[in-house]
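Computed from the coordinates by the stated procedures, all read-outs in this text should not be read as laboratory data. Just so it is clear, the structure is predicted and the values come from calculations on it, not from any experiment. Ideal geometry is used to build each Cβ from the backbone, glycine not excepted, and the neighbour counts take in all protein chains shown.
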Amino acid sequence: MSEESGGGFGRNYLMRLMRGILKLILAGFIISAVSSINIPDLNIGDATVSGALFKAILQFIIPISIIISALKDMGVDI
C-alpha cells in the first residue's frame with residue numbers, strides 16, 4: 001500500500017511537518033530530562049562502569065537519532 005492511499009498521520013506534507021516538529025520537541029525534552037537525573041556508577045564484577053557514560057549516551061545518541069528522523073519528515077535529505 002502506498003503512502004498516498006494509506007492515510008494516517010504521514011499523509012501530506014503538513015502532517016509530516018507537524019510530526020517533525022513534535023519529534024524536535026521530544027528530543028529537547030529527552031535532553032532536559034536526562035540531564036536532571038543522576039545515574040550512579042555500576043559495579044559489574046571487578047569492573048566499575050561510570051554512570052556518566054550512560055548519561056552521555058542517553059543525552060547524545062537518542063536525541064540525535066530523533067532529530068535526524070524529524071529532519072527527514074520535514075523533507076531535508078541527509
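Before moving on, here are some points about what is shown:
- Ordering of 11-18, 60-67, 36-43 by burial proxy (mean other Cβ atoms within 10 Å per residue, highest first): 60-67, 11-18, 36-43
- Calculated [θ] (222 nm, deg cm²/dmol) that DSSP helices of n ≥ 4 give over the chain, each run adding -39,500 (n - 2.57): -21500 deg cm²/dmol
- Note on the chain: with charges restricted to the Cβ of Lys and Arg (+1) and Asp and Glu (-1), its dipole about the Cα centre is near 260 debye.
- Relative to the longest principal axis of the Cα atoms of the chain, the long axis of helix 13-35 makes an angle of roughly 10 degrees.
- Tilt relative to the chain, helix 51-73 - C-alpha long axis, 0 to 90 degrees, to 10: 10 degrees
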